[in-house]
Amino acid sequence: MNPTREEYLFFSLPEKLLLYGLTLLSLGIMAAQIWQRVKVWQQGKPIAELRTGWRYWLPTREALGTWWKNLATYVLAQKKVRGSRPKSGAPMHLMIFYGFLALTIATTLLGINTYSPIKFHQGNYYLIYEATFDTLGLLLLFGLLWAIGRRAIAMREGKKLALETPYEAQKTDQRRYPISGNASDMAVLFLLLALTLNGYWLEAARISADPKPWDNWSWVGYAISQLQGPFSPIQYKGVYWFHVGLVLTFFAILPQLRIRHVLLAIFTTAATDDKPMGKLVPISMEEVEQTEQIGAKLPKDLSRWHLMSLDACMECGRCTEVCPAWNVGKVLNPKQVVQDLRQAATGGLALAETISEEALWQCTTCNACVEACPVNIRHVDLIVDVRRNLVSEGALSGSAAVMLRQTASTGNAWGTNVSEREKWMEGLDIPLCRNGEEFEFLFWVGCAGATDPGAVKTTKAVAALLKKAGVKFACLGKEEACTGDPARRVGEEFLFQDQASKNVGVFQRYGVKKVVTACPHCFNSLKHEYGDFGSTMEVFHHTQLLQSLVRKGDLLAVPASSRVVYHDPCYLARVNDETEAPREIAPGMADPQPSGKKTRCCGAGGGRMWMDEPNEQRPANARADQLLATGAETVALGCPFCRIMLEPAVKAKGGDHIRLLDLAEMLQEANG
Ligand code: SF4
Ligand code: SF4
């Protein structure tokens, strides 16, 4: 006998037709709800069609490669979920995902065998199929049990806290409710558990009703059948219809539940724009003339991809867990931002009003949320786009508004006069482009590097090291002006574009091919954003150039010391993926928790450096605690912004004996 199984066992034609009809009804209900959401997404700008190559919600031929790569990385390999902390439920999510995937594959294969002329569900293939998917289904079963247990604990804790916490505080303080333990989530988990258990029972019922010699290959169902004994055809059909009821209910309500991310995340992650994390998309003057506004005011001003991505949010809270603003008690909660934007998209509401302006200004654009999000939602794009609109309507006041005026009038975010830009060079014989010096590298000093006392030390150290290693470099001095990074991230797009155009003009005048800078914010803008304004330079962070000089033997590395702790700057480590160069020029440094790509922001980015905040809400204080917890006596840095924020915080907590040094200064000490 050839091992196989009969489909629609004991089913009459009318029963089959009833099954088809109910299936169509359930899928129709699901499709109608999805169509409602498609209409919400369709109100957005079709900009993503140009960048990621999709049209009518499907990939263009040119974009197919990117789609497959993204699918493999973010969906099949679950890159983001695997990278998150086990405490965030990652192993549980992986079990559910791979179990679900296995059962989807099993059902698809069965469907192909049943409804196509190709009949392969027999023989050894059939036996292996049964044994494999019976085993993999257990992943889903145990993952679901884990999820239910975890959520039950969270709900119990939440209930206890709810009795002690006023309602308004509960709404805003989700720190105390890390898992959304609401009843509908729990009901869905039970529905999935019932589906999984019933799947095994259905298999057992078939074996009990129509036993075959090879049934023990379906080992889970077989074991259950041995316990329950023989079944009549009626009993078997009862179990079958119960299973059909569960499956069709699941399909019909899927778009209403946050588990819809199993569908939507496939599209949003596959179509993720492959632009670098640190690049913001420019607004064109033509666009402003057409729309008569700057930035995003209403949902229609966001791109379709962004609107769709809001629906893919699985409300896991990973973004909030890593947000530096949230972690020091500010109101900004990136998960809530996504939920609020979704609500605004559904109701056509004003974005800034739905999110709350206070939260919008609290973002440091550190991208920790973007890095953590399993479905690739780009919170920073969304937040900056709304900020652009607020700035254009004059909503920005205080010291950040002063920073914008200073940048516009002096070309320096701190408002320092142009003549001050060359002060650090006094007595150092620094080559200047305008003197006709030949150079391989333009040393881009930056506003802080030219005028902030701490950052000037780094600038001098970099210049000394380049000289010592015989690197031909030159500076722009008075001809250098702010890259416009703080202005852009605050939301003043056209001030950034002015700065970028002017600076690119200067680069072109001097034929700059390579540039090195000690500021990760300048590095990011020059590397990723200046290309939109005609720049074609190769851009290096100073640690990258110093790393190559150490490798060549032109400079000595810093002697290893575990009494040094290194703080990875967000715009170098996370946004630009550079974590090795600093560790290679200064080996043996201790890593604070978190570090590397998951580093915690000092609080300066996104224009926050120029915004007032109470001392207890300064992210720098929280980061200082993490750095000092390593017991280090020296804090190594790679960013002037981090230095400005962390120096007072570390000194206040660790005392005056703690040194804060840029890696260039440490390398200078090591090279005498
Ligand atoms: S970019 Fe950073 S500060 Fe802004 S919401 Fe995301 S994690 Fe929070
Ligand atoms: S935005 Fe992303 S990380 Fe944040 S809750 Fe939603 S899915 Fe999770």
Magnitude of the Cβ-charge dipole (Lys and Arg +1, Asp and Glu -1) of the chain about the Cα centre, nearest 20 debye, reported as 1000
If each K or R counts +1 and each D or E counts -1, the residues other than GLU315 whose Cβ falls under 14 Å of its Cβ total +2
Computed [θ] at 222 nm, helices only, for the chain once each DSSP H run of length n ≥ 4 contributes -39500 (n - 2.57): -17000 deg cm²/dmol
Relative contact order (%) - criterion: Cα under 8 Å, at least six apart; region: the range 285-392: 37
With all protein chains present, the range 412-551 has a carbon and sulfur share of its accessible area (1.4 Å probe) in percent of 46
So if I place +1 on the C-beta of Lys and Arg and -1 on the C-beta of Asp and Glu, and nothing else carries charge, what would the dipole magnitude of the range 515-590 be about its Cα centre? I want it in debye, nearest 20. 300
Hey, which of these cross-link pairs are over 23 Å Cα-Cα: LYS330/LYS527; LYS527/LYS597; LYS275/LYS597; LYS335/LYS598; LYS80/LYS653? LYS330/LYS527; LYS80/LYS653
Karplus ³J(HN,Hα) for the range 601-617 (6.51 cos²θ - 1.76 cosθ + 1.60, θ = phi - 60°; Hz, whole; x = Gly/Pro) runs 5, 7, x, 8, x, x, x, 5, 3, 9, 10, 6, 8, x, 3, 6, 10
Net charge near VAL75: determine it from the other residues with C-beta under 13 Å of the C-beta of VAL75, scoring Lys and Arg +1 and Asp and Glu -1. +4
HN-Hα J couplings of the range 112-124 from phi, Karplus 6.51/-1.76/1.60, θ = phi - 60°, integer Hz, Gly and Pro as x? 4, 5, 6, 9, 10, x, 7, 10, 10, 7, 7, x, 4
Out of residues 5 or more away from LYS45 or on other chains, whose amide H comes under 5 Å of its own, with H placed 1.01 Å from N in the peptide plane? LEU302, SER303, ARG304
Expressed as a whole-number percentage, the relative contact order of the range 58-270 with C-alpha contacts under 8 angstrom and at least six residues apart is 23
Output the antiparallel fraction of DSSP beta bridges having both residues in the chain, as a percent to the nearest 5. 15
I'd like the distance separating the alpha-carbon centroids of the range 265-341 and the range 594-650, in whole Å. 25
For q = 0.05 Å⁻¹, what log10 I(q)/I(0) does the chain give under the Debye formula with an equal point scatterer on each alpha carbon and no solvent? -0.30
Mean separation of Cα contacts under 8 Å, 6 or more apart, over the residue count of the chain: relative contact order %: 12
The alpha-carbon center of the range 1-44 and that of the range 543-561 are separated, in whole Å, by 63
Under 24 Å from LYS468, Cα to Cα: lysines that are on another chain or at least 8 residues apart: LYS423, LYS457, LYS460, LYS513, LYS514, LYS552
Please work out the average accessible area per residue across the chain, using the 1.4 Å probe convention, and give it in Å². 43
Work out which trypsin sites (Lys or Arg not before Pro) in the chain are exposed loop sites (DSSP not H, G, I, E or B, at most 13 other Cβ within 10 Å) and give the longest gap free of them. 120-471
When a/c is below 1.5 the answer is rounded, else prolate if a/b is larger than b/c, else oblate, so apply that to the range 497-634 with a ≥ b ≥ c taken from the square roots of the Cα gyration tensor eigenvalues. oblate
For LYS212, the lysines lying under 24 Å Cα to Cα, once residues fewer than eight places off in the same chain are dropped, come out as LYS16, LYS119, LYS237
Express in nm, to one decimal, how much length is gained between ARG563 and GLN122 on full extension, taking 0.36 nm for each residue of separation and deducting their alpha carbon distance. 152.2 nm
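The values are calculated or read from the model by the stated rules, or taken from the named source; none is laboratory data. Remember, it's a predicted structure, so these values are computed and weren't measured experimentally. Because the Cβ atoms are built from the backbone with ideal geometry, glycine has one as well, and the counts that use them run over all protein chains shown. Note: areas computed on protein heavy atoms with side chains; ligands, DNA, RNA excluded. Shrake-Rupley method; radii C 1.70, N 1.55, O 1.52, S 1.80 Å.
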